[in-house]
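Take a look at the structure below.
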Amino acid sequence: MASMTVIGTGNMGSAIASVAAKGGASIQIVARDIAKAQQLAAQVGGTADEFGDALTGDIVVLALPYPALEDVVKTYGAALAGKVVVDVINPVDFATFDGLTVPSDSSAAAQLQVALPGAKVVKAFNTNFAATLFSGEVGGVPTTVVVAGDDDIAKAQLTEIISAGGVVVADAGGLKRARELEAVGFLQMVLAVREQVAWTGGFAVRA
């Protein structure tokens, strides 16, 4: 089983680390607040390090807000070469909450791949609310993580961990599909903010 580094200790970082730990992966938690990193690491049986320390995971999950990507690239650009980098981000314009901040023909994941040419970027988890990863279900349907990426081996490595953690995976194809995934993620957030769906619910995928 591959090892995983989760950068970020918010709801999504905590949920993803929990799923990966259930799947038997060794987990490293990285955050600027070392106390929060240590707290989450204790919960998932992992290790904790401060942002800027060496990354130990074969798979690196960026459970961060969109503006933080620039700092990740600046700090870890060379170290991420050859690694599977999982982009969880929905680049929402939180000033207006009326759209995405990336160009209409691009995505946060595509921008990240350009900034990290040596990494294998996979879009995943951005269409899931954290609560559905913890519970493993959405309205009685098993939680499905939709992934997109150009490297099939990278997607398979991530899928192995997620599946072992009890979550279903659906492969949407190449990284160009990240644009659609980010739009779906944004729409789901809008519905939750407008109280049309609960933060414990959201979109489900049924085969």
Study note, to complete from the structure: Residues whose modelled amide H sits under 5 Å from the amide H of SER26, counting only those 5 or more places away in sequence or on another chain, are MET4
Exercise for review: Using the Karplus curve 6.51 cos²θ - 1.76 cosθ + 1.60 with θ = phi - 60°, work out ³J(HN,Hα) for each residue of the range 81-98 in order, rounded to whole Hz, and write x for Gly and Pro.
Suggested key: 4, x, 8, 7, 10, 9, 9, 9, 7, 10, x, 7, 7, 6, 5, 10, 6, 10
Check your understanding: Pairs LYS36/LYS155; LYS83/LYS176; LYS83/LYS123: which exceed 24 Å Cα-Cα?
Key -> LYS36/LYS155
Exercise for review: For the range 4-193, just run the numbers: alpha carbon Rg, then divide by 2.2 N^0.38 Å, N being how many residues it has.
Suggested key: 0.94
Point to revise | Other-chain or far-sequence residues with amide H under 5 Å of ARG32's (modelled H) | key: PHE51
Revision key, fill the gap. Normalised Cα Rg of the range 85-207, dividing by 2.2 N^0.38 Å with N its residue count, works out at 1.04
Check your understanding: More than 17 Å apart: what percent of Cα pairs in the range 1-113 qualify?
Key -> 53
Practice item. Could you pull out every residue, at least 5 positions away or on a different chain, whose amide H is within less than 5 Å of the one on ALA48? Hs are placed 1.01 Å off N in the peptide plane, and Pro or chain starts have none. Key: ILE29
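Where a number appears in this text, it was derived from the coordinates with a stated rule and is not lab data. Quick caveat: nothing in here was measured; it's all calculated off a predicted structure.
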